[in-house]
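These notes are about the structure you will find just below.
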Ligand SMILES: C[S@@+](CC[C@H](N)C(=O)[O-])C[C@H]1O[C@@H](n2cnc3c(N)ncnc32)[C@H](O)[C@@H]1O
């Protein structure tokens, strides 16, 4: 705990000193003018990088002749990056074409790795039931049940997803999976409903197991009976009583304990799960990968669930670091893994996309007008190829609230382009400084959750579970209640 606390202090120190790098909305780039905060002595070094050098900065690349404060910033920030390489102990499973149905390659990667990790924790905690919170279309649960023989309760707030998950399983009539529409939060009501709901699901699983036991006591070769047998063997070994190992006449005790898991639990969902894990005695293990930190609820100037731990609260307050939306949004961005391989063209496309949107925002700001979209999407990647195409697209797909005609807006946008094009190179410079800080903010948030579990008497550890070039939110918070 002390190590984590010390690490969080170092993270906060560096984040507080460099707030100008991230504390602005990207679309307000030319309004907030973050490049004005760039130390003058860093400018030349950063504006003259080759693509390869630019891509290597988040991995600690520096040159001896660079200004010392820049070298120090890069090396001290990159030293604090949490390792994200996958453990060789957890081998991903393979998926049949039936299991792959509906999953894109990214989802397949996530599910193969996450299912293996969950199965490992299930074995270590002796749980046969997994509660998948925010289960979506039930891909993970399907694999956990089919490949690892676990029973799965999928909890999902959107009924369309729950029914979608059921539809996927329909052909199988899989009685080891229950998909339930349930919205989890950290209220007392949610806790009590969760207890009642899960108890009733466990009863159903047990009843189904009992009904499967043949009258003559002979074991058939169906998986669930084999699994009951495995459970009973584990029980008897652990109890050392050599009791009935056939699974017959033994209560399915492992159907009384569960793991709480979540794959990409957004916003407040992870903090709610952590509280459930702590409060509910029949939940024996946790494995949760979060996403969308910026969707956490804010009350007044404070986030309800960040920080969670007393330790991080004290550190943030000591250094007066106040989490903002851009701060949390940056934590939820891609990691440096994808940045590493960007081509010169990709950097140019990114520059154009940021610059053109920011010029539109600046124009609306200066002209005291609003630019309302007439369509959900106003520009696609190809519209950012040059400013003229972008402006034409915007004018045909947006409406401005001011009285001036579109031609006048077009002239003003073109004038702004001329005025600000010299600042475009700062976009990748500020972006790379953000890419360097992204893993630090994310680490602070995740470690805060670990610290909260530790402060509340649980063990907890972090486990990189996906390749972050494929799936950037790749760190699972895990815990096991092992007596
Ligand atoms: C990013 S999706 C992940 C879905 C799924 N785990 C997967 O990886 O395919 C998050 C899911 O959580 C659900 N969700 C969000 N908040 C929830 C809550 N409070 N309780 C239950 N489900 C929730 C959403 O409806 C959505 O399906």
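The numbers here are math on the coordinates, done by the rules we state, and not lab data. Keep in mind that this is a model prediction, so the values were computed, not measured. Methodologically, a virtual Cβ is constructed for each residue, glycine included, from the backbone with ideal geometry; neighbour enumeration extends over all protein chains shown.
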Please give the helix 223-239 orientation as an angle from the longest Cα principal axis of the chain, in degrees from 0 to 90, rounded to the nearest 10. 80 degrees
Apply 1/(1 + (r/R0)^6) to the Cβ-Cβ distance of residue 459 and residue 98, taking R0 = 60 Å, and write down the FRET efficiency to the nearest 0.05. 0.95
Roughly what angle does helix 159-169 make with the longest principal axis of the chain, taking Cα atoms, 0 to 90 degrees, to the nearest 10? 60 degrees
Using a 7 Å offset from Cα along Cα-Cβ at residue 7, what residues in region 42-84 end up with backbone N under 11 Å from the label point? 80-84
Sites residue 36 and residue 373, calculated FRET efficiency, Cβ-Cβ separation with R0 25 Å, nearest 0.05: 0.25
Apply 1/(1 + (r/R0)^6) to the Cβ-Cβ distance of residue 401 and residue 279, taking R0 = 51 Å, and write down the FRET efficiency to the nearest 0.05. 0.55
Inter-site label distance for residue 52 and residue 297 at 7 Å from Cα along Cβ, in nm: 5.2 nm
List 357, 403 from most exposed to least, where exposure is judged by having the fewest other Cβ atoms within 10 Å. 403, 357
Length gained if residue 211 through residue 418 is fully extended, taking 0.36 nm per residue and subtracting the Cα-Cα distance, is 66.8 nm
At residue 64 and residue 381, where each label point lies 7 Å from the Cα along Cα→Cβ, what is the point-to-point distance in nanometres? 4.1 nm
Can you give the log10 of the normalised intensity I(q)/I(0) at q = 0.08, 0.10 Å⁻¹, computed with Debye over equal Cα scatterers of the chain? -0.59, -0.86
Between residue 195 and residue 338, what length comes free when the chain is fully extended (0.36 nm per residue of separation minus the Cα-Cα distance, one decimal in nm)? 47.3 nm
Multiplying the sequence separation of residue 408 and residue 159 by 0.36 nm and subtracting their Cα-Cα distance, what value in nm do you get? 84.8 nm
Computed over the chain: longest principal axis from alpha-carbon atoms vs helix 387-397 long axis, angle to nearest 10 degrees, is 60 degrees
Ranked highest first by the average count of other Cβ atoms within 10 Å around their residues, in what order do 285-294, 328-337 fall? 285-294, 328-337
